[in-house]
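K.L.:
Sharing a structure with you now.
The values are calculated or read from the model by the stated rules, or taken from the named source; none is laboratory data. Please read all numbers here as calculations on a predicted model, not as lab measurements. Cβ placement follows ideal geometry from the backbone for every residue including glycine, while neighbour counts extend to all protein chains displayed. Calculation scope for accessible area: heavy atoms of the full protein, side chains included, ligands and nucleic acids excluded. Shrake-Rupley method; radii C 1.70, N 1.55, O 1.52, S 1.80 Å.
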Amino acid sequence: MENKNIYILAIESSCDDTSAAVLCNKKALSNIVATQKIHEEYGGVVPELASRAHQQNIVPVVHQALAKANIDKNQLSAIAFTRGPGLMGSLLVGTSFAKSLSLGLNIPLIEVNHMQAHILSHFIEDDTHKTPKFPFLAMTISGGHTQVVLVENYFKMEVIGESLDDAVGEAYDKSAKILGLPYPGGPLIDKYAQLGNPKAFPFPKPKVEGLNFSFSGLKTSILYFIQKETAKNPNFIAENLNDICASIQYTIINILMDKLKKAVKQTGIKQIAIGGGVSANSGIRKALEEAEIKHGWTAYIPKFEFCTDNAAMIGIVGYLKYMETEFSDQSVTAKARYIL
Ligand code: KG4
Ligand code: ZN
């Protein structure tokens, strides 16, 4: 295997993004993502519509990924795909496609855990990004996940905290919906938050033991607060949007940072790597920068294209497993609940 370039075609279809990437060793030659717009009008992902859209998107997305990488399918070394966790109907599309293609090309098939991929996205070769050193703490924050993971090496990881109910991105999106903002509302709350007073409206923080999170109570308290205030003043949201968003953001970032500080204290590890769509949030980025100075942490934030759901992160795990000859056979099936 020495000196030979390994080309991995990776497929991601766990939620509402259809993505394909080609990696040459640890470098992403292409990373194509087709985001499904159809869910916008429903205020969240509709599973049946997502799997239909994956079926429509998958062939063109794979073609584009190969074309952009300038790689012929006969040059591929292996096919990596997301086995889970995610929406069953969505996972089935990528899993079936990957299995068929590996059979047709007679090359190895590699199953990947989506949560492991979010964490290992930090190892995609990229001149602008420094790579975390083991052991480190990874916090994956997105519309589907909120986890703190102790990462000892590429394949040894332990979930030490996670949300008991809504994911943090869901808390953003549901709060945005209450405020009448379109889906996904996280980026909009972040935008308005930067113009408002974070202490204008205090929201209670949940009391959850250990390193676990809970966000459903916050959503309910925001709903009751907005209902109460709009009963008094129908223009309350419009007149206070920036302050409301800043207050929501302040509460959410405090919840995340409190648990991170606890995790650092508990493990003694000060290297923090974040991933998932909420890593784009200006509040968490600022809080991590402050913690670098104040507490001596080192924070790692991947490029945004590798933070949100994408196939390049599946490809890097595919490459690392390829080097260990960890292959799957054709009996492998999609797994909606797939623990790290
Ligand atoms: O990783 P991702 O693209 O998809 C999954 O959910 O797996 O994450 C999407 C989530 C959405 O909930 C979206 O509102 C949130 O990330 N998000 C943000 C920001 N950008 C995206 N939340 C807060 N602030 C942002 N700037
Ligand atoms: Zn994800």
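K.L.:
Please compute the contact order of the stretch 23-114 in relative form: average sequence separation of alpha-carbon pairs under 8 Å and at least six residues apart, divided by the residue count, as a percent. Write out the running numbers ahead of the final one.
P.N.:
Working: 91 pairs, mean separation 26.5, N = 92.
Reported as a whole number, the value is 29 percent.
K.L.:
A further question follows. Loop only per DSSP, at most 15 neighbouring Cβ atoms within 10 Å: give me the chymotrypsin sites (Phe, Trp or Tyr not before Pro) in the stretch 137-238, ordered by residue number.
P.N.:
Numbers: sites: Y154, F155, Y172, Y192, F213, F215, Y224, F225, F236; in loops: Y154, F155, F215.
Here the sparse-neighbourhood loop sites are F155.
K.L.:
Let me ask another. Given a Förster distance of 22 angstrom, what is the FRET efficiency for E289 paired with N242, based on the Cβ-Cβ distance and rounded to 0.05?
P.N.:
Values: r = 22 Å, r/R0 = 1.01.
E between E289 and N242, to the nearest 0.05, is 0.50.
K.L.:
Under a plain spin-label model, where a point goes 7 Å from the Cα along Cα-to-Cβ, how far apart in nm are E209 and T325?
P.N.:
4.6
K.L.:
Compute the relative contact order of the chain as a whole-number percentage, counting only Cα pairs closer than 8 Å that sit 6 or more residues apart in sequence. List each step's numbers first, then the result.
P.N.:
On the way: 717 pairs, mean separation 84.6, N = 340.
That works out to 25 percent.
K.L.:
Using modelled amide H (1.01 Å from N, peptide plane; none on Pro or chain starts), what sits under 5 Å from the amide H of A80, excluding residues fewer than 5 places away?
P.N.:
Answer set, sorted by chain and number: L9, A10, I11, I110.
K.L.:
Report the per residue volume, in Å³, of the convex hull enclosing the C-alpha atoms of the chain.
P.N.:
Details: hull volume 45.0 nm³, N = 340.
Here the figure is 132 Å³ per residue.
K.L.:
Rounded, prolate or oblate: pick one for the stretch 130-301, where a ≥ b ≥ c are the square roots of the eigenvalues of its C-alpha gyration tensor, a/c under 1.5 means rounded, and failing that, prolate if a/b is larger than b/c, else oblate.
P.N.:
Numbers: a/c = 2.25, a/b = 1.98, b/c = 1.14.
Since a/c reaches 1.5 and a/b is larger than b/c, the shape of the stretch 130-301 is classed as prolate.
K.L.:
Under the rule of at least 5 residues apart or a separate chain, name every residue whose amide H is placed under 5 Å from the amide H of I71.
P.N.:
Answer set, sorted by chain and number: none.
K.L.:
Something else now. Percent of alpha carbon pairs in the stretch 45-92 separated by more than 16 Å?
P.N.:
In whole percent, the share of Cα-Cα pairs in the stretch 45-92 beyond 16 Å is 51.
K.L.:
Hey, another quick one. Return, ordered by residue number, the residues of the stretch 237-276 whose backbone nitrogen is under 16 Å from a label point located 7 Å along Cα→Cβ of E229.
P.N.:
Residues passing the 16 Å test: 237-252.
K.L.:
Moving to a separate point now. Note down the magnitude of the dipole of the stretch 61-220 about its Cα centre, charges +1 on Lys and Arg C-beta and -1 on Asp and Glu C-beta and zero elsewhere, to the nearest 20 debye. Before the final figure, lay out the partial values.
P.N.:
Details: 14 positive and 14 negative charges, 60 e Å.
So the dipole magnitude of the stretch 61-220 works out to roughly 280 debye.
K.L.:
For K335, give me every one of the aspartates and glutamates with a C-alpha distance below 13 angstrom, ignoring sequence neighbours fewer than eight places off in its own chain.
P.N.:
E111
K.L.:
Considering only protein heavy atoms and a 1.4 Å probe, what is the carbon-and-sulfur percentage of the accessible area of the chain? It would help to have the intermediate numbers written out before the result.
P.N.:
Details: 7870 of 15350 Å².
Taking all protein chains in place, the chain shows 51 percent carbon and sulfur surface.
K.L.:
Kindly provide the helix-only [θ] at 222 nm of the chain, computed as the sum of -39,500 (n - 2.57) over DSSP H runs of four or more divided by all residues, to the nearest 500 deg cm²/dmol?
P.N.:
Numbers: 10 runs with 146 residues, N = 340.
Mean residue ellipticity, 222 nm, calculated: -14000 deg cm²/dmol.
K.L.:
Run the numbers on the stretch 130-301 and let me know its relative contact order in percent, using alpha-carbon pairs under 8 Å that are six or more apart.
P.N.:
28
K.L.:
Hey, can you list the DSSP H helices of the chain whose Cα span along the axis is 20 Å or longer and whose average Kyte-Doolittle score is at least 0.0? Write out the running numbers ahead of the final one.
P.N.:
Numbers: long enough: 47-69 (31 Å, -0.11); 88-105 (25 Å, 1.15); 216-232 (25 Å, -0.13); 236-267 (44 Å, 0.25).
Passing helices, by number: 88-105, 236-267.
K.L.:
While we're on this one: Using the Cα gyration tensor of the stretch 28-175, with a ≥ b ≥ c the square roots of its eigenvalues, what is the shape: rounded (a/c below 1.5), prolate (a/b larger than b/c) or oblate (neither)? Display every interim value, and only then the final one.
P.N.:
On the way: a/c = 1.79, a/b = 1.14, b/c = 1.57.
Oblate, since a/c reaches 1.5 and b/c is not below a/b.
K.L.:
Can you give me the accessible area per residue for the chain, using a 1.4 Å probe, in Å²? Each step should come with its number before you reach the end.
P.N.:
Working: 15350 Å² over 340 residues.
Heavy-atom accessible area per residue stands at 45 Å².
K.L.:
Follow-up. Can you flag which of K133/K259; K27/K321; K191/K286; K191/K270; K68/K321 are past 19 Å Cα-Cα? Don't skip to the answer; put the middle values down first.
P.N.:
Values: K133/K259 21 Å; K27/K321 15 Å; K191/K286 14 Å; K191/K270 29 Å; K68/K321 24 Å.
Checking Cα-Cα distances, K133/K259; K191/K270; K68/K321 exceed 19 Å.
K.L.:
Report the label-to-label distance for F155 and R52 in nanometres (one decimal), using points 7 Å from each Cα along the Cα→Cβ vector.
P.N.:
About 4.1 nm, to one decimal.
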